[in-house]
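For reference, the structure discussed in these notes is given below.
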Amino acid sequence: MKTRSTSEQTPIAQRSDGGASTVTLKRGTVAAAAVVVALVAAGAGYGVAHWRAQTDGTAGRAAPVDMPASAPLADGRKVLYWYDPMKPEARFDKPGKSPFMDMELVPRYADEAGSGGVQVDPRLAQSLGLRLAPVTREVVSTGIEAVGTLGFNERDVAIVQTRSAGFVERVFARAPGDVIAAGAPLVEVLVPEWGGAQQEYLAVRATGDAALAAAARQRLVLLGMPEALILDVERSGRPQQVITITAPVGGVIQELMVRAGMSLAPGMTLARINGLGTMWLEVAVPEVHTALLRPGAPVKATLAAYPGETFDGRIAVVLPETNRETRTLRVRIELPNRAGKLRAGMSARASIVGERQEALVIPSEAVIRTGARAVVFVAADEGGRFSPVEVELGREVGGKLVVLKGLVAGQRVVASGQFLIDSEASMSAVVGRSGAGTEAGK
């Protein structure tokens with residue numbers, strides 16, 4: 001039996017016409033070629049997989065890594081995986097630079113799993129400016145600050161009218177906007193009816209009949225003659241048909257509706273005068289402060305026109321309607337007008353003085369509002385662990401929020417850098433996992 005030599009050439013392909021190809025390989029060469037082809041195929045497969053991961057966006061979104069039981073230890077602690085605090089959903093099985101941010105990956109230790117809260121590496125927290133603030137008990141005021149505009153006191157208004165028909169003889173130099181004193185002359189009016197009644201009264205008075213004289217005098221009063229005019233007629237013994245109408249109060253002339261030569265009908269308005277003894281300051285207060293508003297409450301007002309000077313007043317009335325667009329209440333404050341310094345149209349800042357009370361407060365920036373709830377992160381220990389706690393808040397006073405429920409004095413809350421903790425774990429997942437609804441101190 002003949003054996004074929006290993007160096008014998010064998011055809012590796014046939015021609016299309018059935019003949020053997022002249023291209024031949026030695027048997028030793030065939031084995032080497034198979035190894036090369038396998039290596040090339042493996043490299044190509046890795047390259048395709050890597051290219052697909054880059055193009056379909058899965059790179060960097062690695063699934064949780066199942067580390068073996070013999071995971072490396074750091075400072076005697078078992079490391080589960082490494083992650084980027086800015087993208088905590090991506091996990092890596094070895095330390096190094098983050099592919100997303102120019103920062104080192106942070107280890108997640110086995111003793112942190114299931115312990116609740118959020119763990120932040122202290123070095124990372126310091127580099128990113130995470131700041132803590134204590135929960136303190138302070139005396140706060142329930143006062144309210146508001147800005148408004150001054151206007152005339154509409155309750156201090158005098159209307160000047162005629163009581164009998166007559167004619168305007170003279171109008172004194174007055175105009176709307178003029179400030180006049182009480183008793184200042186406005187117009188001279190001729191009243192023919194008054195002249196006849198005065199003449200009749202003088203005739204009856206001359207008879208000496210006291211009863212008839214009293215009746216005639218009463219008629220003058222019913223005709224609308226001022227007491228001063230009647231006394232003047234009695235003193236002079238002559239009728240006075242032309243009378244001078246004066247301002248009953250001091251203030252600013254809002255309207256003046258007479259001119260010389262005009263005829264006047266009974267009850268016709270001649271002038272409207274607004275007193276200046278007090279002014280109204282109307283301010284808009286958010287409806288959330290409705291419970292703190294009460295008529296008669298003291299108010300301190302300041303004006304830019306008089307720096308360093310304070311005007312004391314009180315709440316005259318809280319109007320019963322809320323502005324539907326701004327959700328504010330109109331509050332009318334009455335201010336004494338010392339020396340006439342207050343002018344309608346001036347802007348003023350009002351400080352409605354409230355009660356002072358002791359309460360727990362935290363910085364306003366420490367609160368994360370999730371819509372239905374308000375949550376703060378409380379430092380659980382010195383190792384960089386923070387626990388979310390749901391709180392019930394009161395009003396804001398000077399950049400601080402009153403805490404009604406959820407915290408106790410002495411705790412420390414995260415006042416800045418919450419974005420770091422929020423990136424460490426989804427807010428809803430952390431709250432659900434750690435029981436944020438459980439109040440601290442219970």
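Mind checking which of Pro226, Ala214, Leu202 is farthest towards the positive end of segment 130-227's charge dipole, using Cβ charges of +1 (Lys, Arg) and -1 (Asp, Glu) about the Cα centre?
Pro226
Taking the Cα centre of each part, how many Å lie between segment 352-370 and segment 147-182?
When both Cα centres are located, 49 Å separates them.
How much of the pair distance distribution for segment 176-301 lies past 23 Å, counting alpha-carbon pairs only, in percent?
54
How large is the Kirkwood hydrodynamic radius of segment 166-215, counting all unique pairs of alpha carbons, in Å?
The answer is 13.8 Å.
Can you give me the Cα centroid spacing of segment 287-341 and segment 184-232 in angstrom?
Each part's Cα centre sits 48 Å from the other's.
If you bin every alpha carbon distance in segment 335-390 into 10 Å steps from zero, what whole percent lands in each bin?
Reading the bins upward from 0: 15, 25, 19, 17, 14, 9, 1.
When N counts the residues of segment 250-379, how does its alpha-carbon radius of gyration compare numerically with 2.2 N^0.38 Å, as a ratio?
Details: Rg = 22.4 Å, N = 130, 2.2 N^0.38 = 14.0 Å.
After normalising by residue count via 2.2 N^0.38 Å, the value is 1.60.
How about segment 342-418: which GluC sites (Glu not before Pro) there lie in a loop by DSSP and see at most 16 other Cβ atoms within 10 Å?
Answer by residue number: Glu355, Glu382.
Please turn the phi angles of segment 237-254 into ³J(HN,Hα) values with the Karplus equation 6.51 cos²θ - 1.76 cosθ + 1.60 (θ = phi - 60°), one per residue in order, whole Hz, x for glycine and proline.
Per residue, the Karplus-derived 3J(HN,Hα) values read x, 10, x, 10, 8, 9, 10, 9, 8, 10, 6, x, 9, x, x, 9, 6, 7 Hz.
Throughout, read-outs are computed from the coordinates displayed, never taken from laboratory work. None of the values given here were measured: they were computed from a predicted structure. With ideal geometry, Cβ positions are generated from the backbone for all residues, glycine too; neighbour counts draw on all protein chains shown.
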